[in-house]
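A.B. asks: Let me begin by handing over the structure; questions about it come next.
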C-alpha cells in the first residue's frame, strides 16, 4: 500500500492511500482541487519511488517540492531539473538526499 501526503508551511493538509503510487498522487491532487487548495503553496511526500510520470503530474499541478522515502529514477531527476522542482529522496527521519532544487532547502546552517 502506498501513501501520498500534502503539506504547506503550516503543516499537514491531507493524504491519500492506494495500492498504486500513481493513484495516490491522482487522488490527493483531486481532493485538493475539490477543496480549493492552492497546490503551488504545497509540497508532496510520497511513500514510493518517483518516476517521470509522477514528476510531470506534480509539475502540472504547480507543486514545487516532491519528497519520497525511496529513490527517484534518473528520468524523474532530469524532468524535475527541467521543471524547477525540488526533488528529495530517501527521506527518513531527519536525513534525505537532495537530487535537485536545493535552493528551496534551508539546512539551518
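The values are calculated or read from the model by the stated rules, or taken from the named source; none is laboratory data. Everything quoted here is computed from the prediction, not taken from an experiment. Please note: Cβ atoms are built from the backbone with ideal geometry, for glycine as well, and neighbour counts cover all protein chains shown.
A.B. asks: Give the number of residues within region 1-34 that are part of a strand (DSSP E or B) and surrounded by 15 or more Cβ atoms within 10 Å (Cβ to Cβ).
C.D. replies: Looking only at that region, the number is 11.
A.B. asks: So, one more: So residue 73 passes all but one of these: (1) within 19 Å of residue 100 (Cβ to Cβ); (2) modelled with pLDDT under 95. Which condition number does it fail?
C.D. replies: Unmet condition: (2).
A.B. asks: A further question follows. Are any residues in region 41-93 within 10 Å of the chain's Cα centre (by Cα), touching a residue at least 40 places away in the same chain (Cβ under 8 Å) and not in a strand (DSSP E or B), and if so, which ones?
C.D. replies: Scanning region 41-93 gives 47, 64.
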